[in-house]
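The values are calculated or read from the model by the stated rules, or taken from the named source; none is laboratory data. For clarity, every value in this text was computed on a predicted model and none was experimentally measured. With ideal geometry, Cβ positions are generated from the backbone for all residues, glycine too; neighbour counts draw on all protein chains shown. Note: accessible area is taken over every heavy atom of the protein model, side chains too, but ligands, DNA and RNA are not part of it. Shrake-Rupley method; radii C 1.70, N 1.55, O 1.52, S 1.80 Å.
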Amino acid sequence: MDKKTFYITTPIYYPSGNPHIGHCYTTVACDTIARYKRMQGYDVMFLTGTDEHGLKIEQKAAEAGITPKQYVDEIVATFKKLWSYMNISYDRYIRTTDDYHVEAVQKIFKALYDKGYIYKGEYSGKYCTPCESFWTESQLDENGCCPECHRPVTFAREEAYFFKMSPFADRIEDLLLNTDYLRPKTRAVELVNNFIKPGLEDLCVSRTTFKWGIPVSFDDKHVVYVWIDALSNYITALGYENSAHADFEKYWPADVHMVAKDIMRFHAIIWPAMLMALDIPLPKHLAVHGWITMQGKNGEGEKMSKSLGNVVDPFMLGERYGVDSIRYHIMREMALGADSMFSNEIMINRINSDLANGLGNLVSRTVAMADKYFGGTLPTERESADIDEDFRSVIAGLAPAVDAFVDETKLKQALETIFEGVSRANKYIDETEPWKLGKDESRRARLASVLYNLLDAIRVIAGLLSPFMPTTMPKVLEQIGATADDVRYENLSRLGVLPENVTVHKGEMIFPRIDTEKEIEELNTIILKNMEEAKAKLSSEEKNEDVTLEPIGDTIKIDDFDKCDIRVAKVISCEKVPKSKKLLKFILNDGFGERQVVSGIAKFYTPEELVGKKILVIANLAPATLAGVESQGMIISAVAKGADGEEKLNLIMVDDSIPCGSKLC
Ligand code: ME8
């Protein structure tokens, strides 16, 4: 019988800067699942790669004075070096500049055109030449100029191709609400409310304003929109519409696409629409995780990214703690849907508590006792006790529980489960007190049973952890005298697999304890230095410092301030105002009921990140109509201008414990 197949993908990353720990997040998680599935006997295809087209890359290459291809080649080499360093076992690496992908994307675009789903139309409106952007009347600034650079605009038309998405709206809504496609499912309602209910808009899928892209085969003035190019990678890499590979029938549909929340919409709406239009079966699951964040200036988590200058170098962390500790930390903190903060302290505490004190200690104590009391080889006489049963049943239950979590892409919970086994084993040592048994010649058979049960439990634990920590677990297995066959998947839910007279091999400490204070001090110095360097490298328009502040206004009386009724309100729903680039429409709960407010902050926030947040609203402002939508009040933000003249805007959010309707005074 043919093996069952399993196809898992990471996003393909933009090689617009060197990879950072954020990129490791998705990739390490996919690698672990791929390894786990291989261990279970699946024929796995694990795909990753790079998304190499687009204006940003074209500009960066021009700044560096090289061709875009030269530019991406260099960065792709760093990505591949990192993946090899992090032990990423991908089966295939796709580059969107690969010839076979280019050819296949052209065919996909043409097929969508031939089927009538892509049509030629035009963008028209006020155009800002320096910004290469179209604006609607309502988006222009108070002088009728470009809202970005405030220079005069001219009327212009530009032809473009559009993808008709509306025919698929009902099927996508059903996919999101009534199937197990989206994980976590809690995000489905917000996607449907924000993008499908207001009417799925046609998507502009070609550009004529830059050249670094895949030319539309039948109209080479246009290049294919980066997302159509990028999303297609999941099928072109298997050989869809090309002859470089021939695995499409075998592996498609994908079992898991894993992405972070910033690109959920593309994978939850546009990708299914493309597949539906092409009559291709849909992938089984889209697993969406949050961002790995760093502590920002305001104490809040900020997404780790190049432009924030808060990137942590995975090579440096790996050198200090070993790659497996980093892999462990990433997966132990990663929850589906939610963000997780990266901090040196959390990482070191985790390494110390779980790996050094928990697992490392369990292994070294058990091996040391087998060595001390039996010269390394256990005798075969046994004496069991009631207390063994509970311990053995906990260990026997680990594999099925971990299997289920891995199938649900819940790696944090999978690790928690395995480490409950570690704690149970350490508790078993306390309960059985082998050091006392070792002093009593008549209890040798009992001591042998205890140590055997411990070694057999470590075998199961290390076997289950192997996909998570592929470098260190073989060392653990070597120390406890387990063979590759002892940790075959089928043997991980069985006990008593090690030979009765197993021989241990005392070895190095697998996870040495870290001196937390000293290490944090050293790390912080390195990270600060890296951040300074990263910031110094950023081009001036990306710098996140040197704000220009508005002068303080004229003095007012307290009565004047009192006229302004500012209330706490919760965002119930939020969506883009159709045909406006700037405006978001909110439904708020202001403590008295629902209120609709329109705010010009679409440039700074996506609707989905605001739903559920508590904000401040001027509640007694006379209603106004913006872009045809009534606004009953104004949401309060903090604004400053960066050194580059760009506006920096942050919504003022308040703690969730403050009731809606509370008045600001
Ligand atoms: O969006 N925390 O590429 P990209 C967690 N090319 N994950 C992070 C992260 C962070 N701080 N930073 C990056 C693109 N990631 C497109 C994708 S797919 C058809 C095209 C991870 O280089 C995360 O998975 O900006 C996120 O979704 C992905 O990198 C985006 O990488």
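Structure data summary
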item	result
Candidate set from the stretch 182-205 (those that are part of a loop (DSSP other than H, G, I, E, B) and closer than 25 Å to Phe109 by Cα); member that is modelled with the highest pLDDT	Val205
Subset tally (residues that are away from the ligand (no atom under 16 Å from the Cβ) and open to solvent by 10 Å² or more (accessible area, probe 1.4 Å)) for the stretch 213-224	6
Some residue of the stretch 43-51 being more than 14 Å from the ligand (Cβ to nearest atom) and either of a type in the set (S, T, N, Q) or surrounded by fewer than 18 Cβ atoms within 10 Å (Cβ to Cβ) (or both)	yes
From the options Asp403, Asp371, residue that is part of a helix (DSSP H, G or I), out of contact with any Gly (no Cβ under 7 Å at 6 or more places or on another chain) and within 30 Å of Arg444 (Cβ to Cβ)	Asp371
Total residues in the stretch 252-266, condition under 15 Å from the mean Cα position of the chain (by Cα) and in contact (Cβ under 8 Å) with a residue 40 or more places away in the chain	10
Answer residue from the stretch 105-155, given it is touching a Lys or Arg at 6+ places or on another chain (Cβ under 6 Å), outside any loop (DSSP other than H, G, I, E, B) and under 25 Å from Gly213 (Cβ atoms) and is most open to solvent (accessible area, probe 1.4 Å) among those	Glu122
Search result, residues across the stretch 190-211 that are under 18 Å from Val577 (Cβ atoms) and charged (D, E, K, R)	Glu190, Lys197, Glu201, Asp202
Cross-chain or 6+ apart pairs with Cβ under 7 Å, the stretch 51-72 first and basic (Lys, Arg), then not in a loop (DSSP other than H, G, I, E, B)	Lys60/Tyr71
Where a residue in the stretch 568-581 is outside any strand (DSSP E or B) and its partner, wherever it lies, is among the charged types (D, E, K, R), with Cβ under 6 Å and at least six apart	Val577/Lys585
Neighbours by Cβ (under 6 Å, 6+ apart or cross-chain): first from the stretch 240-251, at positive phi; second of a type in the set (A, V, I, L, M, F, W, C) and open to solvent by less than 70 Å² (accessible area, probe 1.4 Å)	Glu241/Ala104
Pair list, Cβ under 7 Å, 6 or more apart: the stretch 18-31 residue of a type in the set (Phe, Trp, Tyr), other residue more than 6 Å from the ligand (Cβ to nearest atom) and open to solvent by 10 Å² or more (accessible area, probe 1.4 Å)	Tyr25/Met334
Test result for Val497, modelled with pLDDT of 95 or more, in contact with a helix residue (DSSP H, G or I) (Cβ under 6 Å, 6 or more places away or on another chain) and assigned to a helix (DSSP H, G or I)	no
Residue in the stretch 60-68 that is within 16 Å of the ligand (Cβ to nearest atom), open to solvent by 10 Å² or more (accessible area, probe 1.4 Å) and not β-branched (Val, Ile, Thr) present	yes
Residue that is crowded, with 19+ Cβ neighbours inside 10 Å, under 20 Å from Phe391 (Cβ atoms) and small (Gly, Ala, Ser), where the choices are Ala414, Ala448	Ala448
Those residues of the stretch 596-635 which are open to solvent by less than 40 Å² (accessible area, probe 1.4 Å) and among the basic types (Lys, Arg), in sequence order	Lys614
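Listed here are the residues, each with its yes/no results for (1) within 24 Å of Asp313 (Cα to Cα); (2) within 15 Å of the ligand (Cβ to nearest atom); (3) under 17 Å from the mean Cα position of the chain (by Cα).
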| position | (1), (2), (3) |
| --- | --- |
| Gly17 | yes, yes, no |
| Cys24 | yes, yes, yes |
| Lys37 | no, no, no |
| Gln70 | yes, no, no |
| Arg95 | yes, yes, no |
